1. Stick to Cα atoms and the Kirkwood definition of Rh, then tell me Rg/Rh for the protein assembly as shown.
2. Per residue of chain B, what 222 nm ellipticity follows from adding -39500 (n - 2.57) for every DSSP H run with n ≥ 4, rounded to the nearest 500?
3. Residue by residue, what Karplus-based ³J(HN,Hα) values in Hz, rounded to whole numbers, does region A:51-68 have, using 6.51, -1.76 and 1.60 with θ = phi - 60° and x for Gly and Pro?
4. Local charge sum around A:His252 (other residues, Cβ-Cβ under 12 Å, Lys/Arg +1, Asp/Glu -1)?
5. Collect residues whose amide H, placed 1.01 Å from N in the peptide plane, falls under 5 Å from the amide H of B:Asp178; neighbours closer than 5 in sequence don't count.
6. B:Lys247: which lysines have alpha carbons under 16 Å from its alpha carbon, excluding same-chain residues fewer than 8 sequence positions away?
7. Is there a simple number for the mean count of other chain Cβ atoms within 10 Å of the Cβ of residues in B:73-85, and what is it?
8. A:Gly14's amide H: which non-local residues (gap 5+, or another chain) put their own amide H closer than 5 Å, with H modeled 1.01 Å from N in plane and none for Pro or chain starts?
Amino acid sequence: MPVPRPLHLAAEIGGRPRYDAGHYTRLALLAERGNLDFITLDDSFARPGPDALAVLARVAPGTGRIGLVPAVTTTHTEPFHVSSAVATLDWVSRGRAGWRTAVSDTAAEAALFGRRDAAPHDELWHEAGEVADVAARLWDSWDDDAEIRDVATGRFIDRDRLHYTDFTGRTFSVRGPAIVPRPPQGHPVTVVDGTGAAARETAVRHADVVLVRAEDPVTARTCREEIRNRAAAHGRSPDQLRVLVSLPVELHTGADAVGLARLIADWYEQDAADGFHLIPADVERDLPLIVDGTVPVLQHHCLLRRFYPGATLREHLGLARPAGRYAARSPGGRHAPSAAGRYAQNPGGRP
Amino acid sequence: MHLAAHFPGVNSTTVWTDPRSRSQIEFSSFEHLARTAERGRFDFFFLAEGLRLREHRGRIHDLDVVGRPESITLLNALAAVTDRLGLAATVNATFNEPYELARRLATLDHLSGGRAAWNVVTSSDAFTGENFRRGGYLDRADRYTRAAEFVATARELWDSWSPDGSPSPFAHTGPHFDIAGEFTVPRSPQGHPVVIQAGDSDEGREFAASSADVIFTRHGTLDAGRAFYADTKRRLAKYGREPSELKIMPGVSYVLGDTAADAQERAAVIREQQVSPQNAILALEQIWGRDLSSYDPDGPLPEVDPDPGSDVVQGRVGVADPQAVAAKWRALSREKGLSIRQTVIETTGRQSFIGTPEAVAAELHEFVRADAADGFVLVPHLTPGGLDDFVDRVVPLLQERGVFRTEYSGPTLRSHLGLAEPVWKG
Ligand SMILES: Cc1cc2nc3c(=O)[nH]c(=O)nc-3n(C[C@H](O)[C@H](O)[C@H](O)COP(=O)(O)O)c2cc1C
């Protein structure tokens, strides 16, 4: 019998800092072989390691389906650059980008930039929410069909289909429009670890995927319900939101991998979450066991799909492609084609 | 001779109306051009940057290619589909911070095996600033002191890991930056990313002479090139540098034909595509600073004089003396009997090498022999196939002449450019 709603599975591929691209590409391909929805790569300015978004851009052309979700901090960076970089990750991966919104909360990180002091979590997460907000506005600032290439009038774009964002937040403002045309997914997927109270407030407002940590399925279920309710209170559709439980895993044997599959199935059947974000203790040891041990068991029990039904990360997650907010409002608002449809019709990207 | 490929876009050089022109944003376009450049054994692939859409008469500019990806992210992806090609990102020194940018560039350098370059630009008007936390404006002198301190600081960060892989804390205090901590990325395979400079003022040239490995310049004619070459190379000594430590690479375009006449004919067609009737009026308005939309592009230049206080153009460097330019254009138009569009076509092209493959190869070689350039940044007019014929037809001739490599001699961009690895200053 088909499951009522699909189980989503993701994995973190960070760990000991590595600077060779081959390492990350191998892990991404492994996760893709396991049909995982996406991989995450953690990041911070405070400890050794490469820039996560760069790593996943490097991985993109060598992979075909796996979603790519780097951590991107919002505290010391420029919101305009963040929006451009995430949109570009979506372009180079042909619609597989996400980003895990994060903050920098230490004095040590502040000293690396020398622009402002460390601030309390509430403030940082409020700002992170503003960055997520303005990023999405910038992604919408080009209608999907802004590029017209109209030879008769000499116009490459229709400037009426480009929009100023004119966003003013507490610590920054952005005039817009974006430099990068609207990305293939419309909005790359926004992931927020909503475990802490301040982060959860940002998550319920802005995240497509909320990660939560929970010790048991009942707590997780309560969390999920709370998140869905609070998102609904902000006028969002809870069904356009996925709540994944972040689960630290340490596997040594095939039996451990099967045990993990049982735990996932058990929690999932208790409605604890829409899926799981697995955080391996040692990715090079644990990820192969997940892909070759845990995944097949879940598939055998028809809990997990055996192939990617779509091409984009939104499609893996069953999330709709959002229409541009400005396009929808303009008179005779144009219908936004799905990313997949657009590629099928316009392999060269010409309208 | 050194060769680089500029991805066509966001200027009127790029012909998007040609049926062979494909997407300006999809990855496949960038991949095609980069792979072609690597097949031609080019030194590097180059991406320009713009941080706000240009405006004309208060409205978003819509006549040229508009929109582009963020450079460093795109180049990381290109690193996956190329092996040797250098990867150069234009990134503004005013709207970025040293720690973050040094880290992103160092990451690109690692993930590409030592092929990263940073083209340091300083454009920074209040118009662009409206997209950034910093906002506002730096005057020219401050822009370049910030850029110079930025590059110096980035190098301190890159040097904070010793070549054997151990980190030590850094601390930098200066007029623009006061930062300290630990850098997160070890020294990369080429030591530091290559630094390119684009900017032409006296301050810009000084900055290049003190800090850059390559200059990307607009001085593409033989005479202007020689003068610029002599001027910038002369400035190096004061910084204790040798002339060979700074490569001068003008941005140039080219048109090939089977005969000289054929090439000239093609070039004329391309210029007509580049300067559409609408673009001709726009170019005129950029000089005159007035609404000239009622003028016929095929008619004569306007009688009215330029408006001295105009801010018609936003987001690109304007001309210094519009009255003088207008006078020059009028004289040319009178002398040759040119229409508005023909005048713009005559006056606005960049240096182009036009001819048979043999003639173009000979002329490029001549420029390098005559100390007008150390190489070229080729700016094709088509995306993404704009370099195909150059690589197929001109590169082999340069190789026959022995002025261009037939194989890469090393893995890193520094090795392609013949630049030494920077000495570690730990
Ligand atoms: C060949 C060339 C290419 C340039 N490319 C860019 C670019 O891609 N993005 C940008 O913001 N500025 C670019 N600039 C502008 C320069 O960074 C600089 O701001 C401008 O030339 C004014 O400085 P200057 O007075 O020293 O010339 C370019 C300049 C030159 C000469």
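1. 0.98
2. -11500 deg cm²/dmol
3. 3J(HN,Hα) across region A:51-68, in whole Hz: 5, 5, 5, 4, 4, 6, 5, 5, 7, 3, x, x, 10, x, 10, 4, x, 10.
4. Its environment carries a net charge of -3.
5. Excluding prolines and chain starts, which carry no amide H, there are no hits.
6. Result set, ordered by chain and number: B:Lys233.
7. 6
8. Those lying under 5 Å, H to H, from A:Gly14 are A:Asp42.
The values are calculated or read from the model by the stated rules, or taken from the named source; none is laboratory data. In this text the structure is predicted, and so the values were computed from the model without any measurement. Ideal geometry is used to build each Cβ from the backbone, glycine not excepted, and the neighbour counts take in all protein chains shown. We work out accessible area using only protein heavy atoms, side chains counted, and drop any ligands, DNA or RNA first. Shrake-Rupley method; radii C 1.70, N 1.55, O 1.52, S 1.80 Å.
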